[in-house]
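Since the structure comes first, as structure tokens, the remarks are kept for the end.
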């Protein structure tokens, strides 16, 4: 049952991506399109990890198994920090601040996250003995918790700034109320889900026996964990951001109206 929910979310996201592409095919791969593509990829990988768990447990070498376990969570982080980047660019442009360094910073930060995690995967797969395995697990879980907390801070920082900026717009501004509600809701949802993820991952590192986030051994706990920290927030954000971009005005010669 849990494995089917990400599959449904993945299908919805791919349908939304197709709708956006049909609406504005001339714009290429915009941030909105990449966001929906990554969302669909995350949901597909999460669904596969639930349905193919016995086969994943039997994989060798161990590093391959660890990559498949953690990759959906890392991609989830990259997907939603892309939304933070989009908001940061809007905020900087509205304030007439330079935006050239934002995308390179986003790429470097994500590359650093994946590089550190790759090192932790390697170390954990090579761990010998219970003590070293315990240390590697704590390091990996602590890093994932820190990454999730960084994403929550990013949403609060730029989502909060954008929300306050929209509040200062004239009340009669077209779409002000809708955008204000949209930014406020997405900021609250994403900050809450990444904070929850950070807290639960950190607690599982401290006391793995009492709070194990392993799908096979604690199915009820994982329904709550993945539902509250990933599936439900992601579906909610998808619903809030469901609006398609406006159609591009037709190009070419226009009829000149006759003068009165």
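Overall shape: prolate for region 85-191, with the ratio a/c of the largest to smallest alpha carbon gyration tensor axis at 1.5 or above and a/b above b/c. When each of the peptides 230-241, 42-53 is scored by the mean number of other C-beta atoms lying within 10 Å of its residues, the order from highest to lowest reads 42-53, 230-241. Multiplying the residue separation of residue 63 and residue 112 by 0.36 nm and removing their Cα-Cα distance gives an extension gain of 15.8 nm. In the calculated pair-distance distribution of region 60-240, the portion above 22 angstrom amounts to 52 percent of the Cα-Cα pairs.
Dividing the C-alpha radius of gyration of region 27-88 by 2.2 N^0.38 Å, with N its residue count, gives 1.34.
Every number here is computed from the coordinates shown, using simple stated rules; none is lab data. Values in this document were obtained by computation on a predicted structure and should not be read as measured data. Quick reminder, even Gly has a Cβ in these numbers, built from the backbone with ideal geometry, and neighbours come from all protein chains shown.
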